Amino acid sequence: MSIQDSPADLPVQSSERVLTTPIFDAVEDTFAFGERGETLRRVYLRHLSAVAVLAVDEQDRVLLINQYRHPVRMKLWEIPAGLLDVDGEPMLEAAQRELAEEADLQAQTWQTLLDFYTTPGANNEAIRIYLAEGLTEVPEAERHTREAEEAEITTAWVPLAEAVQAVLSGRIHNPSAANGILALHAVRTGAGKLRDARAPWEDHPRAAEIRP
C-alpha cells in the first residue's frame, strides 16, 4: 500500500472573503461533503505560503536563528524562512534570498528536504524546507538591512545530534526548525532520501502561480 496524500475536489457552493491582510485572507467556504452531500461551512486562512532553509556546515552543525514571535510571546529558535510574497519568484530563489537576508549566507548546494502544511485544519499555508550546504558568507557590502523583529536576530551553530535532542526534549517549538532537523536526522541515518531542489509540488496551494 502506498501512503500518499491526495487532492479532493469537493463542490464549493459559496466562498466569501471575510478579512484581508497583507499575509493572509480569512475565507468562509460552504461545500458539499461525503456520500450524503452534507453541507458544511468552514472558515480558514488563505495564506501566501513560505519557504525555509536548514543550513548545514562541514561539521554537520545546523544554523539556528533566535527571533521574537509576538503571537506566542516567545523568542524562538528557528531556521531562516520567509513568505512567498515576491510576484513570479520561484520557491528555490525565495529560499536563497531568505538565507542571505536572515543569515548573511549563500550556499553552493541546494536540495529539497521536506514539504508540509503548517496547520491544515485552519489555514492552507504550505512550506518547503531546503537543505543548503557548501556555505559562504555574503559580502558585507551586499548584506540585507534587517528591520523590526529581524533586527535583533541572533544565531547559533548546533551539532545535529544536539538539535535533534532539543526538539525531542521540547526546547525547540518552531515547526520548520523541528521538521527540518528531524528530517535531516532521518536522511543522515538512512531512513529517508533528499529530492532535487526543483522537485515538483503539484498540490501546493499556489502551484498555478509559483514554480519550484
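The values are calculated or read from the model by the stated rules, or taken from the named source; none is laboratory data. Because the structure is a prediction, the values reported are computed rather than measured. Cβ sites come from the backbone with ideal geometry, for glycine too, and all protein chains shown count toward neighbours. Each accessible area value is taken on the protein alone, full model and side chains, heavy atoms only, with ligands, DNA and RNA left out. Shrake-Rupley method; radii C 1.70, N 1.55, O 1.52, S 1.80 Å.
The figures follow:
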item: For region 66-115: accessible area per residue (Å², 1.4 Å); result: 47 Å²
item: Gained length - residue 168 relative to residue 4, 0.36 nm times residue gap less alpha-carbon distance; result: 56.5 nm
item: Rounded percent of accessible protein surface that carbon and sulfur make up, the chain, 1.4 Å probe; result: 50 percent
item: Near-label residues of region 1-30 by backbone N, under 20 Å of a point 7 Å along Cα→Cβ of residue 40; result: 4-18, 26-30
item: Check: region 1-110 dipole with +1 on Lys, Arg Cβ and -1 on Asp, Glu Cβ, in debye; result: 540 debye
item: Test item: Cα-centred dipole of region 16-64, Lys/Arg +1 and Asp/Glu -1 on Cβ, debye; result: 240 debye
item: Around residue 6: net Lys/Arg minus Asp/Glu count, Cβ-Cβ under 14 Å; result: -4
item: Span from the region 32-62 Cα centroid across to the region 1-30 one, whole angstrom; result: 11 Å
item: Cα-centred dipole magnitude for the chain, charges only on beta-carbon of K, R (+1) and D, E (-1), debye, nearest 20; result: 660 debye
item: Computed [θ] at 222 nm, helices only, for the chain once each DSSP H run of length n ≥ 4 contributes -39500 (n - 2.57); result: -5500 deg cm²/dmol
item: Summed residue charge, Cβ within 15 Å of residue 210's Cβ, Lys/Arg positive, Asp/Glu negative; result: -4
item: Charge sum, other residues only, whose C-beta stays under 13 Å from residue 194's C-beta, Lys/Arg counted +1 and Asp/Glu -1; result: +2
item: Per residue value of the accessible surface for region 125-212 (all protein chains in place, 1.4 Å probe), Å²; result: 59 Å²
